[in-house]
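Engineer: Handing you this structure, nothing more for now.
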Amino acid sequence: MSMSKGSKMRQYINYWMRVTIQDGRQLVGKFMAFDRHINLVLGDCEEFRKLPPSKTATKGAAADSKPSAAPSRSTRTAAPSASSSSAARKSSP
């Protein structure tokens, strides 16, 4: 017997999820609801995205040394919604 998509999704309601959307942003929030198109509603959501390395990090390097790959920075902003899920954990009451 196989489970429908709806019942598979329903088991994660009230869990905290990390959602990665197609443009690379990640949203972390409490999974509140979904519809038949698998649009998600995340409560208390924050957005995380990776920023490209700053250009000033390589300007200070010596001309004869190899340019180093600076670690990418990340930032977080408030996000209102999400579209697909990748990880979940149960929230505390």
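What follows draws every value from the coordinates through simple rules; no lab data is involved. In this text the structure is predicted, and so the values were computed from the model without any measurement. Glycine gets a Cβ as well: all are built from the backbone with ideal geometry, and neighbour counts include every protein chain shown.
Engineer: Considering only residues that are closer than 21 Å to Ser4 by Cα and either loosely packed, with under 12 Cβ neighbours inside 10 Å or of a type outside the set (A, V, I, L, M) (or both), which ones fall in region 34-50?
Structural biologist: Phe34, Asp35, Arg36, His37, Asn39
Engineer: Then there's this: Among (1) in contact with a strand residue (DSSP E or B) (Cβ under 8 Å, 6 or more places away or on another chain); (2) loosely packed, with under 12 Cβ neighbours inside 10 Å; (3) among the aliphatic types (A, V, I, L, M), which single condition is Met3 missing?
Structural biologist: (1)
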